[in-house]
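Peer 1: I'd like to ask some things about the structure below.
The values are calculated or read from the model by the stated rules, or taken from the named source; none is laboratory data. Since this is a predicted model, take the numbers as computed values, not measurements. Glycine also receives a Cβ, built like all others from the backbone with ideal geometry; neighbour counts cover every protein chain displayed.
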Amino acid sequence: MDQAERLRQIVKDLREKRYAYTQKARIITVTSGKGGVGKTNFTLNCAIALNAMGYRTLIIDADFGLSNIDVMLGMIPKYNLFHVITHKKRIEEVITEGPCGIKFIAGGSGIWELINLSRQDMEILMEQLERLDDLADIIMIDTGAGVSEKVIQMILAANEAIVITTPEPTSVTDAYALVKSVVNLKKDVNFKLVVNRADSVQEANDVMGKFIRVAQRFLDVNLEPLGYMLYDEAVIRSTKQQKPFVLEYPRSHAARQMHSMAQAIVAGRQRQDDRVQGFKGYVNQLLKLFNSKHKVL
């Protein structure tokens, strides 16, 4: 009886601990100032690394013009969010499962159809979207690249944003312009910075340090240095093979650095609003921005 009681207590403690974290999913947008900097590759491999740590991670491919999470995995999803909005499918039916249990919702124009929904349809959709909080601990939203109204809205609606840049001057400049555009509208977005394809640790640290100092001085915003990835042929090969590099080349420098950044995401201090937003809260914020009389750009 004592052993049975201890087992029940252990199960209860685990449930309470998990509920405290997964009551509402943590929403993280991943973005960049320009295309071609490895944003989607980062999103996919980071999600797999988080999933391997025991966090149920879901990717929403919101780069509607050039959605390619499915391409990078060599998969062809049948459905996307639009099918949920039009009541053709339940939210669970539009989720595609990839390697190692990673899940994603393919790109589509669905999320931008929200503004045209009736009140009744919106209530039905919200009930569906709220279920994502039961299916995922962390939801990573792969936004489009560049300083566009839609990208800024998606960042503003979230509490956390990971910004990807490379050491190239145009990439750094565009990433800074994106951060500036967001900060001018909302100061409390929790930005994390990643430097990709650096030639050396020194170069990565130099780019990251300068970016953070300039943002602090001229934008009065504190960016968190999440990490960096050095140029690695394993990433090039895995992309051509349509395989995530953290799985195909687990001993590569890129894979080790990705796991370190995933650990930093989980270990980093979160503010209360970061923990409790949930996907329903994220969509509510998007709707407020959609319906705002003031354009973000």
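Peer 1: Looking at Pro225, Pro244 in this structure, which one is surrounded by 20 or more Cβ atoms within 10 Å (Cβ to Cβ), touching a Leu at 6+ places or on another chain (Cβ under 6 Å) and either more than 18 Å from Ala158 (Cβ to Cβ) or β-branched (Val, Ile, Thr) (or both)?
Peer 2: One residue alone meets the criteria, Pro244.
Peer 1: Checking the conditions here, which among Asp121, Asp133, Asp142 is of a type outside the set (Val, Ile, Thr), part of a strand (DSSP E or B) and over 21 Å from Phe218 (Cα atoms)? So that I can check it myself, show each step before the final result.
Peer 2: Numbers: Asp121 fails: part of a strand (DSSP E or B); Asp133 fails: part of a strand (DSSP E or B).
Among Asp121, Asp133, Asp142, only Asp142 is of a type outside the set (Val, Ile, Thr), part of a strand (DSSP E or B) and over 21 Å from Phe218 (Cα atoms).
Peer 1: Of all residues in segment 73-87, how many are assigned to a helix (DSSP H, G or I) and buried (at least 20 other Cβ atoms within 10 Å of the Cβ)? Explain how you work it out, then say what you get.
Peer 2: Just the residues of segment 73-87 that are assigned to a helix (DSSP H, G or I), to begin with: 73, 81-85.
Restricting the remaining residues to those that are buried (at least 20 other Cβ atoms within 10 Å of the Cβ) gives 81, 84-85.
Qualifying residue count, segment 73-87: 3.
Peer 1: Taking segment 209-220 as the region of interest, how many residues are surrounded by fewer than 17 Cβ atoms within 10 Å (Cβ to Cβ) and within 22 Å of the chain's Cα centre (by Cα)?
Peer 2: 0
Peer 1: Which residue, of Val151, Val183, Val147, Val189, is β-branched (Val, Ile, Thr) and modelled with pLDDT of 95 or more?
Peer 2: Details: Val151 fails: modelled with pLDDT of 95 or more; Val147 fails: modelled with pLDDT of 95 or more; Val189 fails: modelled with pLDDT of 95 or more.
Among Val151, Val183, Val147, Val189, only Val183 is β-branched (Val, Ile, Thr) and modelled with pLDDT of 95 or more.
Peer 1: Moving on. Please pick out the residue among Val189, Val182, Val194, Val207 that is closer than 19 Å to Gln153 by Cβ, touching a strand residue (DSSP E or B) at 6+ places or on another chain (Cβ under 7 Å) and touching a residue at least 24 places away in the same chain (Cβ under 8 Å). I'd like the intermediate steps shown before the answer.
Peer 2: On the way: Val182 fails: touching a strand residue (DSSP E or B) at 6+ places or on another chain (Cβ under 7 Å); Val194 fails: closer than 19 Å to Gln153 by Cβ; Val207 fails: closer than 19 Å to Gln153 by Cβ.
After applying the criteria, what remains is Val189.
Peer 1: Given the condition of a type in the set (D, E, K, R), at pLDDT 90 or above, closer than 23 Å to Ile155 by Cβ and not in a helix (DSSP H, G or I), answer yes or no: does some residue in segment 88-107 qualify?
Peer 2: Yes, segment 88-107 has at least one match.
Peer 1: While we're on this one: Please verify whether Ala264 is aliphatic (A, V, I, L, M) and surrounded by fewer than 17 Cβ atoms within 10 Å (Cβ to Cβ), treating the condition exactly as stated.
Peer 2: Values: aliphatic (A, V, I, L, M): yes; surrounded by fewer than 17 Cβ atoms within 10 Å (Cβ to Cβ): yes.
Judged against the criteria, Ala264 is a match.
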